[in-house]
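The next block holds one structure in the form of structure tokens; read it before the comments.
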Amino acid sequence: MLPRQPPVHVFNTFELPGKPHLPADTDAGGSLMEYTLARYYAKYGYNAFYMRSGYAKGGYDYTTAFKENEVNHFEANHVGDGYHTVTRYGENEEDPNRKSSLGVLMRNWHPGPLAFQFVADTFSYIYAKAMLEALDRIEEEMNNGKDPLDTWSAKKRKIMLKTSLPEPKVCDPLYCTVDEAPGCINYERPTYGWWGAKVEDPNDNFNPHKGEVQCWEPWLDGQEKDLWHGVPKQDQAFFEDRDDKEVCRHLDGCGAISATSKDNGSVVFRLPKQEVGLVVLCGCCGKDIATEMFLNNPDIEIRYNSQLLDPTTWDIWPNGKCVRLLKKFGAASAAAATTGHNYLSVKVQNITEPVRISHLITL
């Protein structure tokens with residue numbers, strides 16, 4: 001699939017489903033769907049890595065440690081993984097608090113330094129092994145008098161379409177009819193890739209709500225304003241007086257485009273070309289925020305191509321953070337769709353809580 005078509009690696013912090021090595025109390029159950037997809041699409045470059053299975057297969061008996069000694073290595077802030085008590089770069093650390101922090105396996109549901117070292121080592125090994133195999137193949141071609149550039153020329157690579165893959169294993173048939181992936185504008189950090197929809201210029205002549213108040217604002221959950229956002233206190237104490245403390249800034253954080261009062265008016269999104277007609281809004285922050293923020297909120301109006309959408313036609317999908325406004329073209333409350341750009345507007349009225357849109361998904 002390469003170049004510029006990297007394989008898909010799914011990183012799962014839990015355990016391989018159906019292959020339990022850890023006591024049930026460690027909440028170690030991994031995703032069966034990811035396991036199924038990895039087996040189904042392996043030859044296309046799909047891979048799933050289950051972190052806790054990797055630890056268990058190293059030989060340490062986590063079950064005995066838990067049952068006989070009541071040691072749960074995967075509880076929050078536990079130091080040590082059964083093999084090591086600190087990361088390599090923490091071995092010579094003199095500050096005991098800092099050294100202890102560098103030996104944490106799981107901070108909470110997120111890995112700590114020791115687990116991240118294990119993950120980094122694992123992926124480094126995977127890529128190093130792949131590169132060595134690639135070099136062996138190149139050497140074999142050269143020994144046979146062939147030019148590797150001819151053998152693996154990008155010009156000879158087949159174009160992969162939806163029809164090039166087997167029937168989808170986990171996909172709603174309604175949305176498996178096109179070659180393109182959904183578009184998604186995403187306000188979280190960091191974010192890469194094509195954004196899909198975009199906020200329309202309030203003064204653009206094509207903006208269907210030109211002349212109306214449109215002043216929603218980007219919002220970030222602390223990491224840009226607060227250097228120590230998400231940083232453990234031990235690390236804060238260690239770095240707070242150092243010149244290089246900027247390295248502690250947490251780059252991962254929640255974000256949204258936000259309205260806090262009716263004075264913010266509307267936000268108008270210009271949608272990319274749609275083939276199915278799917279439109280999904282996701283809120284920030286909370287796993288089940290969509291019901292309160294969108295579905296049952298009487299103080300917002302959502303319009304598609306200027307036509308008011310009926311909230312009774314929406315549903316929570318694909319999880320509790322998101323509400324599906326339109327399932328497809330021709331849905332009950334949707335305006336007539338075009339093959340060009342469509343517009344979605346969200347207007348706040350007498351809101352008492354902020355309305356924050358983290359993602360807008362279209363297809």
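The values are calculated or read from the model by the stated rules, or taken from the named source; none is laboratory data. Quantities reported herein were computed from a predicted structural model and do not represent experimental measurements. As a convention, Cβ positions derive from the backbone with ideal geometry for all residues, glycine included, and neighbour counts pool all protein chains shown. Side chains included, ligands, DNA and RNA excluded: accessible areas come from the protein's heavy atoms. Shrake-Rupley method; radii C 1.70, N 1.55, O 1.52, S 1.80 Å.
If you check E224 against the conditions, is it part of a loop (DSSP other than H, G, I, E, B), open to solvent by 60 Å² or more (accessible area, probe 1.4 Å) and modelled with pLDDT under 85? Before you say what the answer is, go through the steps one by one.
On the way: part of a loop (DSSP other than H, G, I, E, B): yes; open to solvent by 60 Å² or more (accessible area, probe 1.4 Å): yes; modelled with pLDDT under 85: yes.
Yes: the conditions hold for E224.
So F238 ticks every box in (1) part of a helix (DSSP H, G or I); (2) in contact with a Phe, Trp or Tyr (Cβ under 9 Å, 6 or more places away or on another chain); (3) open to solvent by less than 70 Å² (accessible area, probe 1.4 Å) but one. Which box is left unticked?
(2)
Give the residues of the stretch 157-177 that are closer than 21 Å to P6 by Cα and open to solvent by less than 70 Å² (accessible area, probe 1.4 Å), sorted by residue number.
Listed by number, the residues that qualify are S164, P166, P168.
Are there any helices (runs of 4 or more DSSP H) wholly within the stretch 52-156 with 2 or more residues that are in contact (Cβ under 8 Å) with a residue 24 or more places away in the chain, open to solvent by less than 30 Å² (accessible area, probe 1.4 Å) and closer than 19 Å to F11 by Cβ, and if so which?
Numbers: elements: 62-69, 96-101, 113-143, 148-151.
The helices (runs of 4 or more DSSP H) meeting that bar are 113-143.
Could you list, ordered by first residue, the pairs with Cβ atoms under 9 Å in which the first is in the stretch 347-363 and in contact (Cβ under 8 Å) with a residue 24 or more places away in the chain and more than 23 Å from I185 (Cα to Cα) and the second is part of a strand (DSSP E or B) and among the aliphatic types (A, V, I, L, M), at least 6 apart or interchain?
Short answer, once both residue conditions are applied: Q349/I300; I351/A259; I351/I300.
Mind counting the residues in the stretch 42-51 that are open to solvent by 40 Å² or more (accessible area, probe 1.4 Å) and either basic (K, R) or not in a helix (DSSP H, G or I) (or both)? Steps first, answer last, please.
Here is the first cut: in the stretch 42-51, the ones open to solvent by 40 Å² or more (accessible area, probe 1.4 Å) are 42-44, 46-47.
Keeping just the survivors that are either basic (K, R) or not in a helix (DSSP H, G or I) (or both) gives 43, 46-47.
Number of matching residues: 3.
Does the stretch 277-310 hold any residues that are assigned to a strand (DSSP E or B) and open to solvent by 40 Å² or more (accessible area, probe 1.4 Å), and which are they?
As a first pass, look at the stretch 277-310 and keep what is assigned to a strand (DSSP E or B): 279-283, 300-304, 307-308.
Selection gives E301, R303, Q307, L308.
Quick one: in the stretch 186-221, of everything that is exposed (fewer than 15 other Cβ atoms within 10 Å of the Cβ) and β-branched (V, I, T), which residue is modelled with the lowest pLDDT?
T191
Do you know which residues across the stretch 311-346 are farther than 19 Å from I289 by Cβ and either outside any loop (DSSP other than H, G, I, E, B) or modelled with pLDDT of 95 or more (or both)?
Initial filter on the stretch 311-346 (farther than 19 Å from I289 by Cβ): 312-313, 326-343, 345.
Within the stretch 311-346, T312, T313, L326, Y343, S345 meet the criteria.
Given the criteria exposed (fewer than 14 other Cβ atoms within 10 Å of the Cβ), farther than 28 Å from T313 by Cα and hydrophobic (A, V, I, L, M, F, W, C), does V247 qualify?
Criteria met by V247.
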